[in-house]
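Quick notes on the structure that follows.
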Amino acid sequence: MLTQATPRETALSLTWDDGRTHDFHYVWLRDNAPENRHENGQKLIDTLDIPLDIKPAQVTLGDALQITWANDGHVSTYSRAWLQQHSQPTPHVTQRRWLAAHLKDNVPSFDFAACEKDAGALRGMLQAVRDLGFSVVTGVPTDEAALFKVIDLFGYVRETNYGRLFDVRVESNPTNLAFTSRTLGGHTDNPYRRPTPTLQLLHVLANSAAGGESTMVDGFRVAADFRAQYPDDFEILNTAPVRFRFQSDHADLSNVVTIIGTDPLGEINAIHFNNRSMQALNLSVIDTERFYRAYHRFGAALEDPHYRIMFKLNAGDAMLFDNTRVLHGRIGYRSTGNRHLQGCYADMDSLRSKLAVLERNA
Ligand code: FE2
């Protein structure tokens with residue numbers, strides 16, 4: 001219960017009956033006053049028009065808080081619930097960061113036909129991508145380009161120089177080691193693009209070759225454990241600039257990032273790990289030593305069964321994964337067998353948006 005509003009020099013100090021106080025800056029109060037928002041949520045006033053020395057002429061605390069502003073006599077009204085909500089720290093979604101033991105026999109899978117006709121099933125599938133970093137959709141038709149039907153459930157293709165769709169199978173002159181039968185260690189795709197594609201889809205049209213299992217690692221979990229256990233490793237992987245590059249006859253892509261990315265709140269928000277496209281480092285000798293030590297330990301963790309799950313995808317399975325969180329790889333396979341996947345990129349952004357709308361309407 002809000003009990004008191006005390007005007008100070010630059011802010012209004014509010015006190016609740018549990019003794020808690022929160023100071024709201026005057027410019028902030030005028031800038032965010034609810035009457036300044038259109039019903040569509042967009043702001044109706046220009047922040048730059050608010051005088052930096054704006055002050056209240058009068059403050060009244062009743063059923064709601066009312067402020068009459070000294071500069072123009074405008075009256076702003078704030079409900080008690082609104083003030084309560086804005087006095088709390090912004091909640092942020094914490095993903096369910098997993099170890100292999102959490103998912104080993106429980107890979108999140110969802111039936112394609114159910115996702116197509118049932119909003120609840122689709123919601124569950126998209127939630128797995130948001131919260132765990134990936135999901136498997138089963139029962140997708142094994143036709144070429146059927147992957148687009150999966151994307152149509154929530155968003156749009158992100159087209160690249162690999163095309164709207166790319167084939168993953170053995171090629172005689174591969175431009176990329178993905179198009180061979182070799183084992184691929186855990187990696188994220190295309191760190192040489194800016195921005196890096198946030199969502200990847202892989203659709204299995206055939207997988208009868210011996211081997212060829214898929215691997216997945218929650219890179220956020222590994223990074224969070226590194227932050228706690230090996231803070232110096234975390235620090236260098238979070239700060240050292242690393243250039244990734246891809247070149248072909250028709251493309252030359254380059255981007256500088258850190259192996260572990262964090263957001264302005266310090267939360268881990270991206271992993272870029274792709275040994276094939278990493279370029280020469282340009283660090284001091286001391287930092288080069290630190291970087292390689294950390295990179296070795298991080299790379300080893302990504303292959304550690306403590307973190308890594310392995311499972312075989314079958315024809316008709318499509319896997320969706322957050323390419324800036326989950327590292328994917330595969331075990332080598334016999335090129336005499338038949339293994340054909342189609343992949344494409346999309347955006348987590350549109351997936352999260354579709355999910356937010358489904359959750360709003362649930
Ligand atoms: Fe890949």
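Fully extending the segment from SER353 to GLN4 would add 121.7 nm, taking 0.36 nm per residue of separation and subtracting the current Cα-Cα distance. Extension gain, HIS22 to LYS117: 0.36 nm times the residue separation minus the Cα-Cα distance gives 29.5 nm. Of the residues ILE50, TRP98, TRP28, the one whose Cα sits farthest toward the positive end of the charge dipole of segment 27-106, with +1 on the Cβ of Lys and Arg and -1 on the Cβ of Asp and Glu, is TRP98. Taking the Cα centre of segment 213-264 as origin and assigning +1 to Lys and Arg Cβ atoms and -1 to Asp and Glu Cβ atoms, the resulting dipole is close to 100 debye. At 1.4 Å probe size, what's the solvent-accessible area of MET310? Round to the nearest 10 Å². Only protein atoms counted, so the area is about 100 Å². The residue list THR142, VAL157, ASN71 was ranked by how far each Cα lies along the charge dipole of the chain toward its positive end, using unit charges on Cβ atoms, and THR142 comes out on top. Between ASN176 and ILE331, what is 0.36 nm times their sequence separation minus the Cα-Cα distance? Round to one decimal in nm. Taking ASN176 through ILE331 to full extension adds about 54.2 nm, to one decimal. Put a plus charge on the Cβ of each Lys and Arg, a minus charge on the Cβ of each Asp and Glu, and nothing anywhere else: the dipole of the chain about its Cα centre is then about 920 debye. Result for the chain in a Gaussian network model with C-alpha springs under 10 Å: among VAL150, VAL217, VAL75, the largest mean-square fluctuation is at VAL75.
When segment 149-247 is described by a simple charge dipole with +1 on each Lys and Arg Cβ and -1 on each Asp and Glu Cβ, the residue from ALA223, VAL204, LEU184 located farthest towards its positive end is VAL204. Dividing the convex hull volume of the alpha carbon atoms of the chain by its residue count gives 197 Å³ per residue.
Counting heavy atoms of the protein chains alone, LEU52 has an accessible area of about 150 Å² for a 1.4 Å probe. Of the solvent-accessible surface of the chain, computed with a 1.4 Å probe and all protein chains present, 48% belongs to carbon and sulfur. Projected over all directions and averaged, the alpha-carbon convex hull of segment 145-211 occupies 5.6 nm². Taken over the C-alpha atoms, segment 36-122 has Rg and Dmax values of 23.6, 65 angstrom. Bridgeable lysines around LYS117 (alpha carbons under 18 Å apart, same-chain partners fewer than 8 residues away excluded): LYS149, LYS354. Looking at the chain, the accessible area is 50 square angstrom per residue; that uses a 1.4 Å probe and ignores ligands, DNA and RNA.
One quarter of the surface of the convex hull around the alpha-carbon atoms of segment 1-155 equals 15.1 nm², the direction-averaged projected area.
Modelled label positions at LYS312 and ALA146, each set 7 Å beyond Cα in the direction of Cβ, lie 1.9 nm from each other.
The values are calculated or read from the model by the stated rules, or taken from the named source; none is laboratory data. Quick caveat: nothing in here was measured; it's all calculated off a predicted structure. Positions of Cβ are backbone-derived with ideal geometry, glycine not excepted, and every protein chain shown enters the neighbour counts. Just the protein is used for accessible areas: all its heavy atoms, side chains included, with ligands, DNA and RNA removed. Shrake-Rupley method; radii C 1.70, N 1.55, O 1.52, S 1.80 Å.
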